[in-house]
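The values are calculated or read from the model by the stated rules, or taken from the named source; none is laboratory data. Worth saying up front: this structure is predicted, and the values here are computed from it rather than measured. Heads up, the Cβs are rebuilt from the backbone with ideal geometry, glycines too, and the neighbour counts pull from every protein chain shown. Ligands, DNA and RNA are stripped out before the accessible areas are found, and what is left, the full protein with its side chains, is counted by its heavy atoms. Shrake-Rupley method; radii C 1.70, N 1.55, O 1.52, S 1.80 Å.
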2 protein chains.
Amino acid sequence: MLSKASEYAIRALVYITIKNRDAVRPGYREISREIEAPEQFTAKILQTCVRNKLLQSVRGRGGGFFFDPESKPLTLIEIINTIEGMSLFTRCGIGLSKCSDTAPCPIHKEYAVIRDQYQQLTTNTTIDNLADKIISGEGVLNRMFN
Amino acid sequence: MLSKASEYAIRALVYITIKNRDAVRPGYREISREIEAPEQFTAKILQTCVRNKLLQSVRGRGGGFFFDPESKPLTLIEIINTIEGMSLFTRCGIGLSKCSDTAPCPIHKEYAVIRDQYQQLTTNTTIDNLADKIISGEGVLNRMFN
DNA sequence: GTATAAAAAGACAAAAAAGTCTTTAAATAA
DNA sequence: TTATTTAAAGACTTTTTTGTCTTTTTATAC
């Protein structure tokens, strides 16, 4: 299960993407309100994204967050890795420190299948994919858009 | 991802099962040592299991933990539910409070598939299944058994 | 230039999870 | 009966995660 920080990050970045498509650069107040996440905590998470070049920002009047239109699509796994690291995709299913294909825990194989599927999903899904679904009405972020 | 408490619980209960098959009722000191988990924390987790009737114990000299041989096989999901609840199997993939089939988050369907597979795995896997694998040498708990 | 509006930064606080310590209760062996 | 061994119980501590508050920096508008 993702940390709250990762969840907020994904929701925030989807929101930013949607607004950017209308040439708007939202600020963290608006973002946190719309994705229903704590304001300052959202700000801090977005700072982390900016520091790690997943996202850009401008300060001052009329500032806000935005994506470089030139940059390649951002995958969920990149965000997760930035916010909480990769342990979700590497950790043993029952917490053995030295579980591996050669010395597997008794649920290793079955767990690895599921864990790898999740890794595939987060690798193949981009923030743009999610934004598309919101805009097409296939999915919901929280509030409605207009 | 499971909490550490759930991981320790599963490992401890597998260990107890294996020892019980040799008519031995291990204590929490031995258990925690063998599964490489903190001693008192393991004791507390086992207490929770006993209180919730997943497991039995006897106090005093020669006491320890054991399973009622009459009781039906214990599944992983029962243990997880006892230790940390079911949120792992119900929570939205990006943390939306009101994500559902009718108002799905943009990754709802794909995430639900994986989450349900994990639920199936933990529902269909019993502590005995894991113990069997250890004994047959297909899997490893941590130290070797003899 | 000055006021204003925004993100950045960092210290701080609260909550949750993980882990420890000490005392009590219960069972057995002697 | 008494000593010993074991689990139970509960208070306590530490660490991690989550969240807040205050100040600083930077950009823009006037």
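Checked against (1) at pLDDT 95 or above; (2) under 28 Å from residue B:4 (Cβ atoms), residue A:30 passes all but a single condition, namely (2). The criterion of being assigned to a helix (DSSP H, G or I) and either in contact (Cβ under 8 Å) with a residue 60 or more places away in the chain or aromatic (Phe, Trp, Tyr) (or both) does not hold for residue A:121.
Among the residues of the range A:1-19, write down those that are open to solvent by less than 10 Å² (accessible area, probe 1.4 Å) and under 12 Å from residue A:48 (Cβ atoms). Hits for the range A:1-19 are A:6, A:9, A:12, A:13. The set of residues from the range B:20-43 being within 17 Å of residue A:96 (Cα to Cα) and more than 9 Å from DNA strand C (Cβ to nearest atom) comprises B:31, B:33, B:34, B:35, B:36.
Scan the range B:75-95 for residues that are surrounded by fewer than 19 Cβ atoms within 10 Å (Cβ to Cβ) and assigned to a loop (DSSP other than H, G, I, E, B) and the total you get is 3.
Can you find, within the range B:102-114, the residue that is surrounded by the fewest Cβ atoms within 10 Å (Cβ to Cβ) among those that are part of a loop (DSSP other than H, G, I, E, B) and at the interface with chain A (Cβ under 9 Å from one of its Cβ atoms)? Full working, then the answer.
Keep residues of the range B:102-114 that are part of a loop (DSSP other than H, G, I, E, B), which gives B:102-107.
Still in the list and also at the interface with chain A (Cβ under 9 Å from one of its Cβ atoms): B:103-107.
On the way: B:103: 12, B:104: 19, B:105: 27, B:106: 28, B:107: 23.
Once the filter is applied, the top-ranked residue is B:103.
Of all residues in the range B:27-52, those satisfying the criterion of being within 15 Å of residue B:127 (Cα to Cα) and not β-branched (Val, Ile, Thr) are B:46, B:49. Checking each residue in the range A:44-56 for being surrounded by fewer than 17 Cβ atoms within 10 Å (Cβ to Cβ) and either within 19 Å of residue A:134 (Cβ to Cβ) or within 6 Å of DNA strand C (Cβ to nearest atom) (or both) picks out A:47, A:50, A:51.
Under the condition of being within 9 Å of chain A (Cβ to nearest Cβ) and assigned to a helix (DSSP H, G or I), which residue from the range B:125-137 is surrounded by the most Cβ atoms within 10 Å (Cβ to Cβ)? Reasoning before the result, please.
Residues of the range B:125-137 that are within 9 Å of chain A (Cβ to nearest Cβ), as a first pass: B:125, B:129-134.
Those still in the list that are assigned to a helix (DSSP H, G or I) too: B:129-134.
On the way: B:129: 17, B:130: 25, B:131: 22, B:132: 17, B:133: 20, B:134: 20.
Once the filter is applied, the top-ranked residue is B:130.
Within the range B:55-95, the set of residues being within 13 Å of DNA strand D (Cβ to nearest atom) and farther than 19 Å from residue A:2 by Cα comprises B:55, B:56, B:57, B:58, B:59, B:60, B:61, B:62, B:63, B:64, B:65, B:66.
Here is a yes/no grid of residues against (1) of a type outside the set (Val, Ile, Thr); (2) facing chain A (nearest Cβ under 7 Å); (3) within 18 Å of residue A:6 (Cβ to Cβ); (4) not in a loop (DSSP other than H, G, I, E, B):
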{"position": "B:97", "(1), (2), (3), (4)": "yes, no, yes, no"}
{"position": "B:100", "(1), (2), (3), (4)": "yes, no, no, no"}
{"position": "B:116", "(1), (2), (3), (4)": "yes, no, no, yes"}
{"position": "B:139", "(1), (2), (3), (4)": "yes, yes, no, no"}
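Contact annotation: residue pairs with Cβ atoms under 7 Å, 6 or more positions apart or on different chains, pairing a residue in the range B:22-38 that is away from chain A (no Cβ under 12 Å) with a partner that is open to solvent by 60 Å² or more (accessible area, probe 1.4 Å) and basic (Lys, Arg), are B:34/B:143.
Filter the range A:4-25 down to residues that are more than 17 Å from the chain's Cα centre (by Cα) and not β-branched (Val, Ile, Thr) and give me whichever is farthest from DNA strand D (Cβ to nearest atom). Quick ask: steps written out before the conclusion?
Just the residues of the range A:4-25 that are more than 17 Å from the chain's Cα centre (by Cα), to begin with: A:21-25.
Among the residues that remain, those that are also not β-branched (Val, Ile, Thr) are: A:21-23, A:25.
On the way: A:21: 21, A:22: 18, A:23: 14, A:25: 11 Å.
Result: A:21.
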